[in-house]
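The structure appears right after this line, and notes come after that.
The values are calculated or read from the model by the stated rules, or taken from the named source; none is laboratory data. Since this is a predicted model, take the numbers as computed values, not measurements. FYI the Cβ positions are ideal-geometry reconstructions off the backbone, even for glycines, and counts take in every protein chain you see. All accessible areas refer to the heavy atoms of the entire protein, side chains included, with ligands and DNA or RNA removed. Shrake-Rupley method; radii C 1.70, N 1.55, O 1.52, S 1.80 Å.
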Amino acid sequence: MSTGKEQVIYWLIRMVMYAIVMVIGYIIFDIVWHGLPALSWDFISQYPRKGGAEGGILPAIVGTLSLLVGTIAVSLPLGICSAIYLSEYAEQSRFTAMIRLAIITLAGVPSIVYGLFGLGFFVLLLNFGTSILAGCLTLACMILPTIIVSSEEALRAVPSGYRDASLALGATKWETIRTNVLPYSLSGIITGSILGIGRAAGETAPILLTVAAFYLPRLPNSIFDQVMALPYHLYILATQHPEADKVLPLQYATALVLLLLVLGLSLGAIFIRIHFRKKYRW
Amino acid sequence: MVETSLFPADTDHVITTRQVNFFYGAVQALFDITMDIPGRRVTAFIGPSGCGKSTFLRIFNRMNDTIAGTRLEGEVLINGEDIYQKSNNVVHLRRKVGMVFQKSNPFPKSIFDNVAYGPRIHGIKDKQQLAGIVEQSLMRSALWDEVKDRLETNALGLSGGQQQRLCIARALAVGPEILLMDEPASALDPKSTIRIEDLIGELRNDYTIVIVTHNMQQAARISDYTAFFYEGRLVEFNATKKIFTKPREKQTEDYITGRFG
């Protein structure tokens with residue numbers, strides 16, 4: 001292998017990497033540059049006025065946060081349990097191969113299809129109405145494949161020697177999983193789950209049909225209420241507002257808040273990950 | 001093949017197998033193995049790779065159950081009890097029959113938590129009692145002096161040989177009668193290997209030890225009885241001295257003199 005060719009490939013890969021970082025950097029810079037001047041305490045702590053042209057976005061922040069909490073509460077236990085079943089209990093058969101194929105297929109389904117499913121199943125058939133409950137369940141369905149696939153991978157990465165040792169000491173299968181498989185794979189499970197939850201935070205299509213309110217300047221009282229949500233609010237300001245140009249700074253500020261929210265989630269995940277990595281090294 | 005006179009009159013046959021056949025799916029791995037393993041002695045299983053000696057060892061604590069598609073025919077008795085009866089509780093069995101694996105596999109937890117793991121899952125919560133068990137087990141496995149000042153540190157910080165002795169301590173902590181060892185020293189340096197062998201020598205009076213080994217010198221050094229396996233069959237089982245000086249079977253002789261395997 002000639003060193004010249006090595007160098008070319010090396011720089012090519014480097015350039016591609018820089019290009020990606022620059023695009024992301026530009027997007028973040030653009031949002032911060034235009035959004036920061038409009039961002040203030042009032043903006044995040046007040047109700048919107050005049051159809052969103054003035055005032056803050058408190059209901060949208062609360063709406064998105066409550067959707068996230070609900071989505072996590074539904075999807076995390078379901079996803080982890082499914083992953084444990086697939087990785088630890090299920091025999092490798094044609095049936096489980098089909099389940100895996102279905103999960104991977106579901107991961108690629110466009111989000112608007114989940115929105116339509118949520119509308120048909122949760123909103124209409126189960127009669128939850130356009131509500132936080134319906135929205136959370138729809139978002140949970142959407143991110144379940146991501147959580148299951150990444151959790152299963154994290155569980156499989158735990159060396160089988162730990163399982164054998166635990167079983168050989170007389171632990172039952174569940175004791176073994178609970179004490180010597182799950183704790184070691186938590187950092188991987190959390191990382192994968194946060195990826196899914198970050199996606200849920202930013203999606204518009206699934207909540208459009210199941211929960212999001214166009215303009216609702218008050219906070220929700222129950223899980224059967226509609227709420228405003230940051231991505232949908234952003235969409236409305238950008239495309240549906242009569243004076244879209246005038247509210248441009250508000251759009252940027254809303255985008256910035258959404259960005260910070262997702263960033264905060266990721267940071268939280270990284271800290272949890274570091275914590276478990278330190279606790280269980282192998 | 002095994003005459004009762006093989007063992008001294010005062011030995012109990014702790015493990016007894018009758019016409020054991022074992023299958024991985026459609027592939028038969030063990031053929032018609034009938035064998036008595038004496039109590040409070042060291043019995044070594046030798047034979048070339050793939051001869052079924054590890055599979056046979058893992059029958060005694062039903063570890064093969066964890067592999068999908070395996071099937072056993074015949075009888076396996078431990079202290080007279082058929083361990084493959086449906087009514088037999090595998091958790092109880094594994095408390096009685098401990099196992100040490102080829103690759104040392106301490107949990108990525110503290111040294112203390114590793115040894116206390118077994119007693120804890122069997123319901124011991126009292127801290128003093130646990131501390132006592134941990135100390136005793138580590139003493140028995142000749143590791144106590146090296147680790148007594150750092151019981152709370154991660155077990156993965158120990159050397160390979162120390163890790164394997166920790167695994168032995170962890171197995172002893174649940175109070176087994178039988179100790180199965182699957183090539184416990186094959187991944188260790190010579191010095192650590194000697195320590196493990198010395199340890200087996202110290203444990204031989206209190207435990208029934210069955211050890212699988214690739215190393216024939218090791219079998220000769222540490223075992224009272226040796227069984228030679230070849231292609232899933234038990235070829236010869238006799239006192240170690242006899243096997244290594246006057247083997248009855250030609251195959252055994254060829255193997256121990258290094259003509260194959």
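General remarks:
- DSSP beta bridge pairing in chain B, given as percent antiparallel to the nearest 5: 60
- Hits among lysines - C-alpha to C-alpha of A:K50 under 25 Å, sequence gap 8 or more where chains match: A:K246
- Gaussian network model of chain A, springs between alpha carbon atoms under 10 Å - residue of A:A83, A:A102, A:A213 with greatest fluctuation: A:A102
- Around B:Y117: net Lys/Arg minus Asp/Glu count, Cβ-Cβ under 11 Å: +1
- Beta-bridge orientation, the protein assembly as shown: approximately 60 percent antiparallel, per DSSP, counting only bridges with both partners inside.
- Principal-axis tilt of helix B:127-140 within chain B, Cα atoms, nearest 10 degrees: 50
- For A:P231, net neighbour charge (Lys/Arg +1, Asp/Glu -1) across residues whose Cβ lies under 13 Å away: 0
- Potential lengthening between A:Q92 and A:K50 on full extension [0.36 nm per residue; Cα-Cα distance subtracted]: 9.2 nm
- Taking a ≥ b ≥ c as the square roots of the eigenvalues of the alpha-carbon gyration tensor, the stretch A:1-125 is classed oblate because a/c is 1.5 or more while a/b is no larger than b/c.
- Between A:A38 and A:K173, residue separation times 0.36 nm minus the direct Cα-Cα distance comes to 43.0 nm.
- Residues A:L260, A:L234, B:L93, ordered by accessible area of protein heavy atoms at a 1.4 angstrom probe radius and largest first, appear as A:L260, A:L234, B:L93.
- The order of A:L12, A:L261, B:L57 by accessible area, most exposed first and with a 1.4 Å probe, is A:L12, A:L261, B:L57.
- Residues in the stretch B:60-101 occluded by at least 30 Å² - accessible area, probe radius 1.4 Å, against chain by itself: B:M63, B:V91, B:R94, B:F101
- To the nearest 10, the accessible area of B:T240 is 10 Å² with a 1.4 Å probe.
- Modelled spin-label separation between B:T34 and B:D126, with each label point placed 7 Å from Cα along the Cα-to-Cβ direction: 4.8 nm.
- Proximal charge balance of B:R195 [Cβ under 12 Å; K/R count +1, D/E count -1]: -3
- Rounded tilt (10° steps) of B:190-203 against the dominant C-alpha axis of chain B: 90
- Modelled FRET efficiency - R0 35 Å, B:F23 with A:L78, Cβ distances, 0.05 increments: 0.40
- Between the stretch B:216-261 and the stretch A:101-131, the C-alpha centres lie 66 angstrom from each other.
- Distance from the alpha carbon centroid of the stretch B:188-211 to that of the stretch A:132-189 works out to 37 angstrom.
- Overall form of chain A per C-alpha gyration tensor (a/c, 1.5; a/b vs b/c): oblate
- Rolling a 1.4 Å probe over the heavy atoms of the protein chains gives the stretch A:167-282 an accessible area of 47 Å² per residue.
- Under 29 Å from B:K191, Cα to Cα: lysines that are on another chain or at least 8 residues apart: B:K53, B:K103, B:K109, B:K148, B:K241, B:K242
- Distance (nanometres) between label positions extended 7 Å along Cα→Cβ at B:T257 and A:R14: 6.6
- Prolate/oblate/rounded call for the protein assembly as shown, Cα gyration tensor, a/c under 1.5 rounded: prolate
- With a 1.4 Å probe rolled over the protein heavy atoms of all chains, the accessible area of A:R94, B:R221 falls in the order A:R94, B:R221, largest first.
- Exposure check, 1.4 Å probe, all protein chains in place: B:E253 carries approximately 80 Å² of accessible surface.
- Entry note, chain A: relative contact order of 27 percent, from Cα contacts under 8 Å with a spacing of 6+ residues.
- Among the trypsin sites (Lys or Arg not before Pro) in the stretch B:117-198, those placed in a DSSP loop whose Cβ has at most 10 other Cβ atoms within 10 Å are B:K125.
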